[in-house]
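Below is one structure; the comments refer to it alone.
The values are calculated or read from the model by the stated rules, or taken from the named source; none is laboratory data. Note that the structure is predicted; figures quoted are calculated from it, not measured. In this analysis, Cβ positions are derived from the backbone assuming ideal geometry, glycine residues included, and neighbour counts consider all displayed protein chains. These area figures cover heavy atoms from the full protein model, side chains too; ligands, DNA and RNA do not enter into them. Shrake-Rupley method; radii C 1.70, N 1.55, O 1.52, S 1.80 Å.
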Amino acid sequence: MPDIDAIVQEIATEMRHRTDRGEVARYIPELARVDPHQFGLAVILEDGRVAAGGDADQPFSIQSISKVFTLTLALGMAGDDLWTRVGREPSGNPFNSIVQLERERGRPRNPFINAGAIAVTDLIVSGHQPRESLGEILRFMQFLAGDTSIAIDKAVAASERRTGFRNTALANYMKSFGIIDNPVDFTLGVYFHHCAIAMSCRQLAMAGRFLAHSGRNPSTGYSVVSAERARRINALMLTCGHYDGSGDFAYRVGLPGKSGVGGGILAVAPGHASIAVWAPGLDGAGNSHLGRLALERLTKAMGWSIFGV
Ligand code: GLU
């Protein structure tokens, strides 16, 4: 096997020096303040070895990467009934698009665009107080990462709540079609807060290990979901994990992955590794510019693309 430590260090060095860094997300004021010069990468192999480089231990706002974990929780609660509310097709539209919702009578295309993720959060909120649901999501992340220090960045959550007019519109619009059961404020409050969970690349890669290894953490042996469910979540990450940049990500990187506007990406090399990368500058589709490039370098060097070497 190629020397993973050397490859990760090489990538971290290259990314630290690149000047094409993309643009940090500006529509959430708190994220606009993040220093775009940071870069972190963590790779956790099946045997538990970790190769980490750059700012791999610096917590950042995981934003939409949280949607992988809320989907996992919601599938655990509702099983396949979830798919009556949300579809499984790539949207081909920006992450916060509203036009498709009107054409498709309020049913979001997939669980990773904002509308779909809000509908998934609504399912988790049902029958609970928002605070309990949020606690459950946070504890799930802490459990998966094996780290109880993981917390919500309240300033980011408040910043998004103050300015989340589009998400509020999406939620209200879905409510008019009966896709949202709870008061819109409850569901959005939980959604904004789970997007504002702060984690480092190392913690995130740890939390994603079950997806790389047929639903179980290979170090603890703990089974989080069935192998079939892990495979299906990976399929959704591949086809929908990068919004309308999902095709390009599959073409260049060739791994299931989920991005967030905080600049993070969780990627899964099935049978090999769980990978988290972070570089705050985004490309035009709202995905980490250098994060994608780093993953492209990594999968090529390791021969990890699911489509062949
Ligand atoms: N909280 C962000 C929003 O709802 C998440 C978007 C993203 O990370 O892509 O706009």
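Some notes on this structure:
- Contacts under 9 angstrom Cβ, first residue in the stretch 18-37 being more than 21 Å from Pro94 (Cα to Cα), partner within 16 Å of the ligand (Cβ to nearest atom) and open to solvent by 100 Å² or more (accessible area, probe 1.4 Å), 6 or more apart: Pro36/Glu23
- Any chance Arg109 is open to solvent by less than 30 Å² (accessible area, probe 1.4 Å), of a type in the set (D, E, K, R) and touching a Leu at 6+ places or on another chain (Cβ under 9 Å): no
- Failed item, numbered, when His213 is tested on (1) open to solvent by 10 Å² or more (accessible area, probe 1.4 Å); (2) of a type outside the set (Val, Ile, Thr); (3) closer than 20 Å to Pro111 by Cβ: (3)
- Val261 being open to solvent by less than 20 Å² (accessible area, probe 1.4 Å) and within 16 Å of the ligand (Cβ to nearest atom): yes
- So Leu282, is it aliphatic (A, V, I, L, M), over 13 Å from the mean Cα position of the chain (by Cα) and within 13 Å of the ligand (Cβ to nearest atom): yes
- Some residue of the stretch 191-202 being at pLDDT 95 or above, more than 16 Å from the ligand (Cβ to nearest atom) and either open to solvent by 10 Å² or more (accessible area, probe 1.4 Å) or over 15 Å from the mean Cα position of the chain (by Cα) (or both): yes
- Exclusive hit being out of contact with any Phe, Trp or Tyr (no Cβ under 8 Å at 6 or more places or on another chain) and under 23 Å from Ala279 (Cβ atoms), set Asp181, Asp185, Asp122, Asp147: Asp147
- Unmet requirement for Tyr251, which otherwise passes all of (1) open to solvent by 10 Å² or more (accessible area, probe 1.4 Å); (2) at pLDDT 95 or above; (3) of a type outside the set (A, V, I, L, M, F, W, C); (4) within 17 Å of the chain's Cα centre (by Cα): (4)
- Scanning the stretch 13-50 for residues that are outside any loop (DSSP other than H, G, I, E, B), within 18 Å of the chain's Cα centre (by Cα) and β-branched (Val, Ile, Thr) yields Val43, Ile44.
- Cβ separations smaller than 8 Å between residues 6+ apart or across chains give the following pairs from the stretch 119-142 residues that are over 10 Å from Tyr191 (Cβ atoms) and without any contact (Cβ under 8 Å) to a residue 24 or more places away in the chain to residues that are in a loop (DSSP other than H, G, I, E, B) and open to solvent by less than 40 Å² (accessible area, probe 1.4 Å): Gln142/Ile150.
- Restricting attention to the stretch 5-24 and to residues that are farther than 18 Å from Gly286 by Cα and touching a Leu at 6+ places or on another chain (Cβ under 8 Å), the residue that is most open to solvent (accessible area, probe 1.4 Å) turns out to be Arg18.
- For the stretch 226-246, the count of residues that are small (Gly, Ala, Ser), more than 16 Å from the ligand (Cβ to nearest atom) and closer than 24 Å to Asp57 by Cα is zero.
- Tyr243 among the aromatic types (Phe, Trp, Tyr) and modelled with pLDDT of 95 or more: no
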